[in-house]
Structures are given as structure tokens and as C-alpha cells.
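Take a look at the following structure, please.
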Amino acid sequence: MRHLISAFVFLSLSFCSLYSLAQQKFTINGYLKDAANGEAMIGATVYIKELNSGTTTNEYGFYSITIPAGNYVLQYNYIGYKAILQEVALDKNYRLDVELNAEATQLNEVEVVDEKDRPAAQNTSMSFNKMDVSTMKKLPTFMGEVDVIRSILLLPGVSTVGEGASGFNVRGGSVGQNLIYLDEAPVYNSSHLLGFFSVFNPDAVKDITLYKGAVPAKYGGRLASVLNVRMKEGNSKKTEVTGGIGTIFSRLAIEGPILKNKASYIIAARRSYIDVLARPFVSVLKNGGALNFYDLTFKVNYNFNDKNKIYLSSYFGRDNFLFSANQGFSWGNATGTLRWNHLFNNKLFFNQALVFSKYDYHLQFGNNSQNQFVWNSAITNYIYRPDFSYFINSNSEVNFGGEAIYYTFEPANASGTTNGVPVNVSLDKKYNLETSLYASHSLKVSPRFSIDYGLRYSNFTLYGPGTQYYYNDTVPGVRKSVVGQKTFSKGQPIQTYGNLQPRFSFKAQLNELSSIKGSYNRMVQYLHLISNTTASNPLDVWTPSTPNIKPELGDQVTMGYFRTLNTSKTQYEFSMETYYRATQNQIDYINGASLLINRYLEGDLLSGKGRAYGLEFYAQKKTGRFNGWISYTLGRTELSVNGINNNNWYPTRYNQTHNLKVVGFYEINKRWSFSSNFIYTSGTPTTFPTSRYTEQGILIPYNANNSRNNVTLPSYNRLDIAFTFQGKEYNKAGRKRKNHDYWAFSIYNLYARKNPFSIYFSQNDVQTLPGQPLVSQATQLSIIGSIVPAVSYNLKF
């Protein structure tokens, strides 16, 4: 397989080098940075007017463009910044590092990008969204706090099963089918406070990108999407302090130079204080209980010279729900990333990363050490990732590299103690190695037609030590029985899987303002999130592929039409995408499955196929005092698993037929601005009993026809509003203030809608007369059923 990838790279380079034979060419490269703080600009454009072509900066702000000798004018652009024109007499290779200054007023622009394409640098990206942190800060917020996950829920194709649900769903995928990166480190639980907030501190975040389709070959490991969150590098010009005091928590970030324009740092922290404020009034909190979360984000970088730069970043966060000093549960993520950027020559850019990631949770009950239950679980990753980018010319770029991930799964380190007698119910750890190689080529075939194509190969092996159980083939939908077992020694392979994952996308430019795009990609997922609850929760279990659990496979095809409309004062963007994803080896569960601390878990799992298809509409007004966007998704997600729903297709728990979001911003004046968002979604499916019977006066509901998700809950809708009041720009003496502050006022769920999260049935407590039927009742659970006002104060100096 290594030789196949090498041949792919060689042929791409050889094919494109033919362009260089016609005449002498030279290379212009460098970095684009923010003039105010030295932050690298991701996705900035470099446009050459004379050639009507250009390029974009990569994740580190680097660009390289090779063109024939001659005289040119280069235009450097980034949304919200003043463009710079640079004249170049190109008769040799040039290094041009450029710093851009922000526009005086940025409130008139919404910085949400539906695709990477810009008139200055067109490419084949689709099913791609990028949201700027400044736009996130304008959105109405829950409890006054800016949040990454809640912000991307306003994009097309992204949804959730309800308020308080951890994670998000993309184009009908489950929460566990999203690959989430924080500075290249995977994050396995992206939520604080059971889903109300995300683990990403907005003061430390620089860039958020979401791939829903047309996923580049460098990414793999999940079926539905890739969310890439990149941290700030830290202000290399001056020291800055950013903070905020809100209804739920406060935050503080400090960044600045270690050596000016050479090395910088950022450190950001948050902590909620519900338990601190409530402790005098709540007896549980007085006796050692806790209800809080906190996180700490840190990053430092050092620029050795023009060709070498290193980064070190880390994150640590934790949630605590303690009912007393000895009872409750907690969970958290810890990550660390060490990266080295190296420029081999004018065209070859190299990044390598060493990554650590761990997610764990702790559960404990009992009054004392003589009578207690303790459960610890964790998943730990060690990752090495080398990536190369070779910029052949303005029409061609090759990317190639690899990845090696070593996993340690600890499903349960658990024990119970009764009257001082311990019982160990721990499960074996599992050890896995996943290795991947990839190569891709971006080629502008003609001024109107471009393609991206790539190939990724991954290999996944489960190793000992451990005991592997084997199960019988039984009636579908019925628990399987163990028919054999085998013990493996340390380092002995138990099961190996290998998969090729082709990627292809194209763009056909109809004219300067419109294009048609299409893509196909295959994704493979070797890790599985085991959860049969309404929404993902911190105690869900991750498990690897084994002889009994095959890797999940997904093939997605997308087609789209994209249109830009420019007037003298306003810019509009429209897009329409349709998608279809077919999946294999999807996991579901038998009725009554036992998923937690179950040595024979694999006997309760079922496997089948899935399909997700839909149509996404997106319209955005990008400029002017009034701007915003509308997104609408019409979609369906279904599974077909033998033994469930009489072997017929059935909707998943996170299926939503209609999903509408309307987001608006209005600048009232220089100090006051208003924003609002409205959300309407169809209800999600759930399973209701179809019959009932009584046993000794107890009503027992049951599903007589073995149906799954046979009822749809009522629809969800919500309106949020927010006002932002900017502090004064000048003091009383007429001098410009050194600090910048603002107040954010928001109302979540303005008309107090009681949106259903679930509906459950129970027997009526009223005594029934002899001979009369027992009475049952349905109860609707709403997580938030009232208006939630909030205020926060934010400061930067």
C-alpha cells in the first residue's frame, strides 16, 4: 500500500511538472499575519490580477505560488481586513511576508463562509463551513456565553436531538460519527454541563471549520463530519488580557510576546460558579457536593527562523457533579500537541505533530469505603502525524502524509464493596494501532474547471493482552450466546482491518458568479460510540472494532449549485446542495441491551446498513447594517437491521425531516447592535408502546409488533434575541481608550416554548375501582420551558 501511495504522488508531480517546461518560473511565498497581534491568517487569499489566478494560505498562514517571470501586482485579502497591493518584478524567487490591518468597522460584515471559494482563489471545496469567532460573539447566547457548538448548530445540515444533548449531528450522522479536533488533538466529549456548553473557550479559539462532505484525504476515522478547531497562537506584539463575567461562569485569557515577533503565548481559563453561589442555601453543596466545570487552555510558539517554527498547546477540562464528598460522577478531556513547521524549499511545506489525548470519567456511590461502588473508564491516544504540502504552481498543489494512532481503551476499572468485602467487576483493557497513508492533488485543469482527487489507506489492528469471545448465530434481534473464547498474549494481533478510501471532487465554473460542484468520498470508522439513550451522555462507552464488530463504512455523494450576487452596496451568497450517504456495519442494539460494564457486550449488538439523504439551502447577506443568513435542510436518516422493526427500514433517533434556521444582525448605531435567531425543526422519532397488559394490578406497556422509532415527537421551535452595547471608544479627555469593553444582553427562548425532549408513560397513582381498566398517563419532558434572560460583561485591554 505504501508503494501505491508513493506512485500516486510521483505521477501527480510528474504530470504537473510538464507545465514548468514551457518557460522559466519563479516562486513567491511567505506568511500572512494580522498586523495587530501577529496571528497567522488561515484561508487568506493571494490574487494575481494579470493571471486571474491565485492561492490561499494554509492552516499556518503560509502560501506559495509559482508563476512565469514578469511584472505582477499581488493582492492580499482577508475578510474584515484592508487589502494590500504589492508590485513585484519577478525575476527570482521571492519571500514576501505580509501583515494586514483590520478595517475600521467590522460590524457590517458577517464572517460565515459556506465554501473556501473566493473570486481571488477558486477551488473545489464544498460541504464546508467556516465561522469566525467575531460572528459567534454577535449571536444570541444561552446564559450570555459564546459557544462554538451552539454556533455551528445554526449552519445547514447540523442539528441536535434537543436542549441539553451532548454533541451534534451532521447530515444524519450520530454524535459518535463526528471527528472533533482541538489543535490536531481528537476530543471525545465536546460538552460541558451535559451539553449546554462546549469545551472550547472562545477567547482561545482562532478558527473553526466544519467538513460535512468532500472531506480532504488527510482526514479519516469518522463517517459524518470533521470539526477542526484551531487555537490562537498568542499576541506576538503586545500583552493583552481578555475576560468576561457572566451568569454561569467567568473567564480570563492572557496572551503576549515572550520575545517580540519571535515567540508568544496564550493561557485561558474558565470556571462555573453555580455551586459557589448556591452553597449557603443548598445543604448538599454544604456537605461536599459540587456542581461545576472548569477548563484551562495553553499555547506557546517559537519562531527559530524563516524556515522553522514550533508550537506547543494543551487543554485540560473537567465537569463535577457530586452529591456528597463520596458520591457523584465527573468527566473530562486532556490534550497536548507538539508541532514543528519546516519549509524545505520555496515549494515544500512540512508539518509534523506529536499528539496526546485522553477522555475519562469517574463514577462513585456509597456512604463510606466499606459500602461503595467505584467505576473509572478512559480512552487514551498517542498520535504521530507528518503532513507535506508541495505547491507546484498556481494551478496545482499536492498534499501527502500519514498518521499513526495508538489507542488504549479502559471500558471499566470497577469494583463494588459491601460490608467491607470487595468485588472486582473490571473489564479488560483493549489496545489498538491505526496507521494511515494519504495523498491528494488539487488541479485547476482550465480557468473554468478544477478537480481534487485523493486516496487514503488505513490499517487497524486490535492487540492483546486480552480475552476475545466468540458468539453463535442466533435469531436476529435476540441476545447471542458465547460459544468460545481465546486468550491473547501482549502484542499478539487479534484482528486486523484495512480499507482504501478514495476522495474526488470537482468544480465547473459557469461564469464569474456561479458554479456547479460535486464530490464523492468514502470514510471508514474503527471506533464506535456505544449509546442507546435519547442523547449522548458522559458515561457512553467507546469501543474499537473487533472480530465481532466490523468497521463502519460510509460512501457519500454530493452535488451543489453556488451563486454570488453583488450589487453596488451588498454581497449575497446562495447555495443548494444535495447529498446521499450509504453506510455499512451500523450498530444498533437488541431490546433490553445491557451496555455498561458488560463483559459480553458484543452479544447485545446488532449490525446493519444505513442511508442518509437530503437537500440543503443556504442564503446569506454578507454586508450592510442588516445582514445574516437563512438555512434550510430537508433530510431523512434511516437504518435497516435484521431483528429490528421486522427487518424494515426505520428512522434513527436523530432523524429530522425539516430543519430551518434564520439568523439576523442589525447595527443600530456605533455602540448598539441587535441579533436574533429563530429555529424550527421537525420532532425526532421515538418508540412508543403499542399495547399493554396488567400483572397483579401493575400496568405493563409493551411493543407488540416489534417496531422501532414508530412515533415522531412534536416539533421544536425557539426564538432568541440579543443586544450588544459597546463601551466608549474615547475617554472624557478625547483620547482613545486602551481597553475595549462591551455588555451582552440576551433572552433565550423568548416566548417560553416548552419543547419536548422526550415523552414517557406511567401508571396513574389514583386507585382504580374493581372492574375498571387501569389508567396510564403520558408525560412530556422539557429541558428548558421558560424564558432564560442573561447578561455578561466582557473586557479586553
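Please list His658, His192 from largest to smallest accessible area, probe radius 1.4 Å, with all protein chains kept in place.
Final ranking, largest accessible area leading: His658, His192.
Would you mind computing Rg(Cα) / (2.2 N^0.38 Å) for region 679-722, counting N as its residues?
On the way: Rg = 16.5 Å, N = 44, 2.2 N^0.38 = 9.3 Å.
Computed over Cα atoms of region 679-722, the ratio equals 1.78.
Let me ask another. How large is ³J(HN,Hα) for each residue in region 555-560, as worked out from phi by the Karplus curve 6.51 cos²θ - 1.76 cosθ + 1.60 (θ = phi - 60°), to whole Hz, x for Gly and Pro?
For region 555-560, the Karplus curve yields 10, 10, 10, 10, 9, x Hz.
If you take the beta carbon distance between Ile668 and Phe797 as r and set R0 to 30 Å, what does 1/(1 + (r/R0)^6) give as a FRET efficiency, to the nearest 0.05? Show your work: numbers first, answer last.
Values: r = 25 Å, r/R0 = 0.84.
My answer for the efficiency is 0.75.
While we're looking at this one, here's another question. Can you give me the relative contact order of the chain as a percent, contacts being Cα pairs under 8 Å and 6 or more apart?
Working: 2246 pairs, mean separation 79.0, N = 797.
Result for the chain is 10 percent.
Quick one: if you stick a label point 7 Å off each Cα along the C-beta vector at Gln370 and Ile310, how many nm between them?
A separation of 5.5 nm, rounded to one decimal place.
Report, largest value first, the span of the C-alpha coordinates of region 171-270 along each principal axis, in whole Å.
Result for region 171-270: principal-axis Cα extents of 44, 36, 16 Å.
For Asn548 and Tyr680, FRET efficiency with R0 = 35 Å and r from the beta-carbon atoms, rounded to 0.05? Could you put the intermediate results ahead of the total?
Values: r = 42 Å, r/R0 = 1.19.
After rounding to 0.05, the efficiency reads 0.25.
Over region 491-550, what lengths in whole Å, largest first, do the semi-axes of the equivalent ellipsoid take, defined as the square roots of 5 times the eigenvalues of the alpha-carbon gyration tensor?
On the way: eigenvalues 288, 83, 10 Å².
Ellipsoid half-lengths, sorted descending, are 38, 20, 7 Å.
Here's a follow-up. Counting only DSSP beta bridges with both residues in the chain, what percent are antiparallel, rounded to the nearest 5? Please list the in-between numbers first.
Values: 338 of 348 bridges.
The answer is about 95 percent antiparallel.
Using a 1.4 Å probe over the heavy atoms of the protein chains, calculate the carbon and sulfur portion of the accessible area of the chain as a whole percent.
57 percent
Can you spot the aspartates and glutamates whose alpha carbon is less than 16 Å from Lys670's alpha carbon? Ignore those fewer than 8 places along the same chain.
Glu103, Glu109, Glu729, Asp741
Quick check on the chain: helices-only [θ] at 222 nm, where DSSP H runs of length 4 and up contribute -39,500 (n - 2.57) each and the sum goes over total residues. Nearest 500, please. Before the final figure, lay out each step's value.
On the way: 5 runs with 34 residues, N = 797.
Helices in the chain give a 222 nm mean residue ellipticity of -1000 deg cm²/dmol.
What are the lysines whose alpha-carbon lies under 26 Å from the alpha-carbon of Lys444, with same-chain residues fewer than 8 places away excluded?
Lys25, Lys49, Lys92, Lys116, Lys130, Lys212, Lys218, Lys347, Lys507, Lys517
Another one. Could you work out how far apart the two model spin labels at Tyr751 and Gln86 are, taking each label as a point 7 Å from the Cα in the direction of the beta carbon, and quote it in nm?
So the two model labels end up 5.3 nm from each other.
Kirkwood-based Rg over Rh for the chain (C-alpha set), two decimals? If you can, show how the numbers build up before the last one.
Numbers: Rg = 27.5 Å, Rh = 28.3 Å.
Over the Cα atoms of the chain, Rg/Rh equals 0.97.
Compute the label zone of Gln571 within region 56-95: residues whose backbone N is under 17 Å from the point 7 Å along Cα-to-Cβ.
Under cut-off, by backbone N: 56-57, 75-85.
Stretch Arg625-Val282 to full length: gain in nm at 0.36 nm per residue minus the Cα-Cα span?
Values: separation 343, 0.36 × 343 = 123.48 nm, distance 4.70 nm.
Result: 118.8 nm gained on full extension.
Right, here's the next one. Would you mind calculating the gained length between Val445 and Val557 on full extension (0.36 nm times residue separation, minus the Cα-Cα distance), in nm to one decimal? Spell out each step's value before the answer.
On the way: separation 112, 0.36 × 112 = 40.32 nm, distance 2.18 nm.
38.1 nm is the gain from fully extending Val445 to Val557.
Additional query: State whether region 240-355 is rounded, prolate or oblate according to the following rule on the C-alpha gyration tensor (a ≥ b ≥ c being the square roots of its eigenvalues): a/c under 1.5 gives rounded; otherwise a/b larger than b/c gives prolate, and the remaining case gives oblate. Could you put the intermediate results ahead of the total?
On the way: a/c = 5.14, a/b = 2.44, b/c = 2.11.
Taking the square roots of the gyration eigenvalues as a ≥ b ≥ c, region 240-355 is prolate.
Take the Cα of Asn731, step 7 Å along the line toward its Cβ, and report every residue of region 783-797 whose backbone nitrogen sits under 16 Å from that point.
Residues 796-797 fall inside that zone.
So, for the chain, what is the accessible surface per residue at a probe of 1.4 Å, expressed in square angstrom? Intermediate results must be reported in sequence, preceding the final value.
Details: 33410 Å² over 797 residues.
With all protein chains present, the chain gives 42 Å² per residue.
OK, next. Just subtract the alpha-carbon distance of Ala404 and Thr239 from 0.36 nm times their residue separation and send over the number in nm, one decimal. Provide the component values of the computation, followed by the final result.
Details: separation 165, 0.36 × 165 = 59.40 nm, distance 3.74 nm.
Going from the current span to full extension adds 55.7 nm.
Working with all protein chains in place, sort Leu595, Leu500 by solvent-accessible area computed with a 1.4 Å probe, largest first. Present the calculation step by step, with values, prior to reporting the outcome.
Details: Leu595 20, Leu500 80 Å².
The residues order as Leu500, Leu595, largest area first.
The values are calculated or read from the model by the stated rules, or taken from the named source; none is laboratory data. This one's a predicted model, so the numbers in the text were calculated from it and none came from an experiment. Backbone-built Cβ (ideal geometry, glycine too); neighbour counts: all protein chains shown. We work out accessible area using only protein heavy atoms, side chains counted, and drop any ligands, DNA or RNA first. Shrake-Rupley method; radii C 1.70, N 1.55, O 1.52, S 1.80 Å.
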